[in-house]
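Let me begin by presenting the structure, written as structure tokens, before commenting on it.
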Amino acid sequence: MKKKLLIYGAGAIGRGYIPWVFSPDNYDYYYVDVDKSLCTLLNKNKKFSTYKIVDGKYEAREISFEKCYLLNEEIKESLNVDAIITAVGPRNIPLIVDNLKKFSVPIICFENDSSSPDLIISLTGNQKVFFAIPDVIASNTAPEELRDKDPLSLVTENGVCYIDEKAKELGGDCLYIDKEELEKQWMAKLYIHNTPHCIAAYVGSLLGVNYLHESMQNAESEKIVGGAMLEMASVLLKKFNLEKEFVDWYAKKELQRFKNVLLFDPISRVAREPFRKLALNERLIGSAQLCISCGILPENIMLGIMAAFCYDNPSDPDANIKYLMASLKPGDFLKIAMRLRAGEALYELLLSKWDYNLNKLNNLK
Amino acid sequence: MNEMDNILKIAISAAVEGGTILLEHASDFKKASQKESLRDIVTEIDRYSEKKIIDILKTCDPNIPVLSEETKIVLPDNCKSYWIVDPLDGTVNYVNGIPFYAVSVAFMENDKLSVGVVYNPLANDLYYGSRKSGVYKNQAKIKVKDTNPEECLFAAAFSGKNYNPATRKEEFLAFQEINDSCRGCLRTGSAAINLAYVAEGRLGGCWGKANKIWDIAGGILLAELAGAVVKYEIVDKEKNLVDYVATGSLAYKFLGSKIKVL
């Protein structure tokens with residue numbers, strides 16, 4: 001008998017990647033999303049296509065599903081699902097909490113933030129919330145020729161999925177690992193993947209391109225992204241004592257994925273919510289602080305930070321960053337928008353390199 | 001950037017630059033020994049900050065008038081678009097070294113508030129918004145917290161004692177009643193920050209009697225854009241005095257009935 005999955009978030013991970021981890025042969029899918037037009041289209045078609053890139057080619061899978069609910073719509077299957085998967089983005093978790101409270105089944109948290117399970121536990125009281133790391137880049141769209149066949153198509157890499165071993169009864173094509181291994185994978189993903197990944201997007205945005213691989217086709221952009229990756233790899237070796245072999249392998253693998261011309265990963269997806277990525281403990285400011293604490297000068301990460309400051313996308317939830325960048329002097333911007341303190345090392349470094357980095361990025365164009 | 005973006009950008013810049021001047025001179029009072037010299041110093045800082053703010057606002061369009069305490073301009077009857085500036089709201093706090101004061105900048109466009117900024121320089125709290133962009137504190141979008149009145153913290157800003165002595169007793173009675181019926185009612189000394197705090201959901205509501213329009217214009221818009229029920233009325237046009245209330249919708253009936261405004 002098939003297990004029933006209720007999946008919050010019908011985006012890149014929820015539709016593009018989850019069906020490759022939990023095969024439609026063994027699982028039925030119910031989706032929940034906030035995007036009304038997406039829900040309508042999904043419910044009209046009752047199926048979508050996800051393409052996995054294997055050996056430079058697309059492998060297709062047509063996914064039929066039961067229903068896509070609009071968030072806050074009554075979910076008829078509420079008593080019957082075997083597990084819940086969340087892939088909504090860490091900032092959106094509070095929006096789905098009231099919904100999650102109705103269930104007592106295990107929740108697998110595919111969020112790009114290791115604190116998300118604890119947040120869900122504290123807000124719902126459900127103790128069976130487990131962290132998952134999809135070591136994959138999944139796009140929420142697909143190249144034109146695939147969208148011509150099915151407008152709901154998505155593309156994903158052939159990734160690896162790590163899930164907390166306490167959830168292993170759920171099964172699926174994934175690796176259930178212990179806490180220590182999960183922590184190691186998270187460190188690698190957080191710093192070697194997340195930091196350069198979003199830098200590639202912010203630099204790509206300044207270049208005026210639409211997809212991540214296009215950003216990586218610019219030699220200067222590739223140099224900045226690769227440099228940021230080296231800076232973060234050095235941190236992992238120095239501060240977290242990860243094995244050099246693992247770190248080198250991970251970094252090499254990541255650079256190749258960013259360049260994948262089949263993936264069509266939109267800049268607007270990866271660069272989304274710059275303020276979240278610029279939070280003090282996050283992948284840009286947080287990573288630069290870590291570098292400094294290890295005696296590593298984060299030159300390339302600082303370029304990435306500057307590129308994020310310049311992100312200008314009127315439809316982004318953090319579109320107000322442009323008002324602050326345009327209105328405030330550099331020092332005021334760092335204090336008011338970034339909450340950095342005057343005198344601290346990163347504040348001074350960013351300030352001293354402000355014009356230089358801005359010119360360098362503008363010259364990329 | 002379109003025109004409204006540009007107005008918001010200039011308003012933010014002006015408020016922060018004005019706030020920086022307040023911060024730079026915050027310790028000047030240590031040198032003052034008498035009440036009179038204290039007043040002179042604060043007036044001087046007020047003017048200095050205001051000049052900086054106005055210089056920045058004039059870069060937008062030098063012909064747009066600026067209404068503020070120091071400029072003392074009288075707006076012509078047909079003037080529908082103008083800036084409203086308070087370079088220092090919370091003067092008593094500022095003079096006494098209490099870190100609760102702000103700069104307030106607002107833009108009135110065709111008789112309708114369209115841009116508002118409140119900046120508390122010591123906390124680095126920047127509240128800003130426009131009808132087009134929505135309302136923010138620093139990085140984040142903010143909204144009013146709609147709470148039952150008994151669970152709310154309120155704040156009040158009464159008129160100065162010289163304005164209308166006859167109503168003082170009534171205002172203190174209302175203050176007491178409100179204070180005793182909820183989590184409390186504060187007199188913070190800054191109407192602009194009270195309104196910004198309502199917008200952010202820190203306060204359940206705030207009210208004021210005979211406040212200067214430049215104290216509240218920026219905050220009024222922020223509270224409105226953040227979802228507050230906002231009512232205000234100009235009670236003395238010559239002196240630019242306004243009565244107002246701003247709260248979440250659940251607390252509005254309660255607060256409105258206690259202070260009997262509008």
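The values are calculated or read from the model by the stated rules, or taken from the named source; none is laboratory data. Keep in mind it's a predicted model, so treat the numbers as computed, not measured. No Cβ is skipped: glycine too gets one built from the backbone with ideal geometry, and neighbour counts run over all protein chains shown.
Among the candidates A:Met229, A:Met306, the residue that is more than 26 Å from A:Lys322 (Cβ to Cβ) and touching a Leu at 6+ places or on another chain (Cβ under 7 Å) is uniquely A:Met229. Considering B:Val42, B:Val85, B:Val103, B:Val115, the condition of being at pLDDT below 85 and either assigned to a strand (DSSP E or B) or surrounded by 12 or more Cβ atoms within 10 Å (Cβ to Cβ) (or both) is satisfied by B:Val42 alone.
Within the range B:201-221, can one find any residue that is without any contact (Cβ under 8 Å) to a residue 24 or more places away in the chain and within 21 Å of B:Arg168 (Cβ to Cβ)? Looking through the range B:201-221, none of the residues is without any contact (Cβ under 8 Å) to a residue 24 or more places away in the chain and within 21 Å of B:Arg168 (Cβ to Cβ). Exactly one residue out of A:Glu165, A:Glu231 is within 30 Å of A:Asn26 (Cβ to Cβ) and of a type in the set (D, E, K, R), and it is A:Glu165. Only one of the numbered conditions (1) of a type in the set (Asp, Glu); (2) surrounded by fewer than 22 Cβ atoms within 10 Å (Cβ to Cβ); (3) away from chain B (no Cβ under 14 Å) is not met by A:Glu254, and that is (2).
Select from the range B:17-39 the residues that are farther than 20 Å from B:Glu69 by Cα and of a type in the set (Asp, Glu) and write down the one among them that is modelled with the highest pLDDT. My answer is B:Glu24. Hey, can you tell me all the residues within the range A:328-353 that are touching a Leu at 6+ places or on another chain (Cβ under 9 Å) and away from every other protein chain (no Cβ under 14 Å)? Of everything in the range A:328-353, those that are touching a Leu at 6+ places or on another chain (Cβ under 9 Å) and away from every other protein chain (no Cβ under 14 Å) turn out to be A:Leu346, A:Leu349, A:Leu350, A:Leu351, A:Lys353.
The numbered conditions (1) out of contact with any Pro (no Cβ under 8 Å at 6 or more places or on another chain); (2) farther than 25 Å from B:Lys141 by Cα; (3) modelled with pLDDT of 95 or more are all true for A:Asp55 except (3).
Table: residues versus (1) touching a Gly at 6+ places or on another chain (Cβ under 7 Å); (2) within 14 Å of chain A (Cβ to nearest Cβ); (3) touching a residue at least 12 places away in the same chain (Cβ under 8 Å).
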{"site": "B:Gly90", "(1), (2), (3)": "yes, no, yes"}
{"site": "B:Gly134", "(1), (2), (3)": "no, yes, yes"}
{"site": "B:Gln139", "(1), (2), (3)": "no, yes, no"}
{"site": "B:Val144", "(1), (2), (3)": "yes, no, yes"}
{"site": "B:Ala157", "(1), (2), (3)": "yes, no, yes"}
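Every test in (1) part of a helix (DSSP H, G or I); (2) more than 9 Å from chain B (Cβ to nearest Cβ); (3) under 27 Å from the mean Cα position of the chain (by Cα) is passed by A:Lys322 save one, and that test is (2).
Which residues, counting only those in the range A:165-189, are buried (at least 20 other Cβ atoms within 10 Å of the Cβ) and more than 18 Å from the chain's Cα centre (by Cα)? Within the range A:165-189, A:Ala167, A:Leu170, A:Gly172, A:Cys174, A:Tyr176 meet the criteria.
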